[in-house]
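Input: a single structure, listed below in structure tokens.
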Amino acid sequence: MPVKTMIEAVQEAIRQEMERDSRVMVLGEDVGRKGGVFGATRGLFEKFGGERVLDTPLAESAIVGSAIGMALNGLRPVAEIQFADFIWPAANQIISEAARIRYRSNNTFSVPMVIRAPYGAGIHGGLYHSQSIEAFFAHVPGLVVITPSSPYDTKGLLMAAIRSDDPVLFLEHKKTYRMLREEVPEAPYTVPIGTAKIVREGRDLSVFSYGLSLLYAREAADTLAQEGIDTEVVDLRTLRPLDTATILQSVRKTGKALILHEDTQFGGFGAEVAAVIAQGAFEYLDAPVMRQGGPEAPAAPFSKPLEEWWMPSPAKIADAMRELAEY
């Protein structure tokens, strides 16, 4: 089985879906001849031509608005927002239009479209190339929000997203693009949307995360295993819809929960997971639900030492795990 990176998994998923379904097309800034700033659409323009791989102006509202119109007229667009930090001009199109068309049309119309957006810090991108946006958009009914953390899941979830009849915000942590490699089937496949994945079985505490923080959590869990602390690590994968059943099943087994994300802790997505646990597994808890998120700063600093202070790390996560385990 071939071994691929996250970015290669993205490339393959889009290419195979375009080969399978002539309605699938790509649009965004520099996605054509350049192949995207991260190389996610490399080779697609040469293979499918300018009618299916469209370079757009630097106008995110127009990118998403055009994609909505395409979806309403029978196409299945995959729109790229070059960096998640630039998605805000398109927020009205996503929230007030794409996410609400099925509801406001009494289920007469749907918007089968995917919005891909590289998010997160750790690549020295500074204030406007490091933001995490998941909590804002996971709040929106009618919008699916996916955050994979492995090449296998990236390909399968992206293919499932393109085939979905609802609008999907597909968030790819840019630091993970070439951070790890794993076996990814050559043949097309899908991973079910809305299902979490237990990536490490454990008995002493449960850790819930996604994206880059999930990878660091797995590393921290391996460290703590040498100290006799057995950690269960759960990859949420999809934030909306959220797999509450897997979350509660894990907490009921271990009795302790730690929720990790890179985004600002206050009002972050971890608060929703904590509320699910408090409501559905309160009697099983042996310690308060813990969260570890980003600091109270607008975004990651550009300075390398300050960025490292700002970012999650296996060491910081291991310290939080020890604290919870010892409670």
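The values are calculated or read from the model by the stated rules, or taken from the named source; none is laboratory data. Not measured: the values here are computed from a predicted model. Quick reminder, even Gly has a Cβ in these numbers, built from the backbone with ideal geometry, and neighbours come from all protein chains shown.
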Inset, instruction - Inspect the range 48-61 for any residue being acidic (Asp, Glu), assigned to a helix (DSSP H, G or I) and not assigned by TED's automatic domain parsing to the domain that holds Phe302 and give the result as yes or no. - result: yes
Legend entry - Selection count, the range 89-104, where residues are in a helix (DSSP H, G or I), among the small types (Gly, Ala, Ser) and under 16 Å from Asp165 (Cβ atoms): 1
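Within the range 124-150, take every residue that is among the aliphatic types (A, V, I, L, M) and closer than 22 Å to Ala9 by Cβ and give me the one that is surrounded by the most Cβ atoms within 10 Å (Cβ to Cβ).
Keep residues of the range 124-150 that are among the aliphatic types (A, V, I, L, M), which gives 127, 133, 135, 138, 140, 143-146.
Right, trim to closer than 22 Å to Ala9 by Cβ and you get 133, 144-146.
Numbers: Ile133: 20, Val144: 23, Val145: 24, Ile146: 28.
Selected residue: Ile146.
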Inset, instruction - Identify all residues within the range 207-220 that are under 17 Å from Leu180 (Cα atoms), of a type in the set (Phe, Trp, Tyr) and outside any loop (DSSP other than H, G, I, E, B); write none if there are none. - result: Tyr216
Inset, instruction - Name the one entry in Ala117, Ala135 that is closer than 23 Å to Leu75 by Cβ and outside any loop (DSSP other than H, G, I, E, B). - result: Ala117
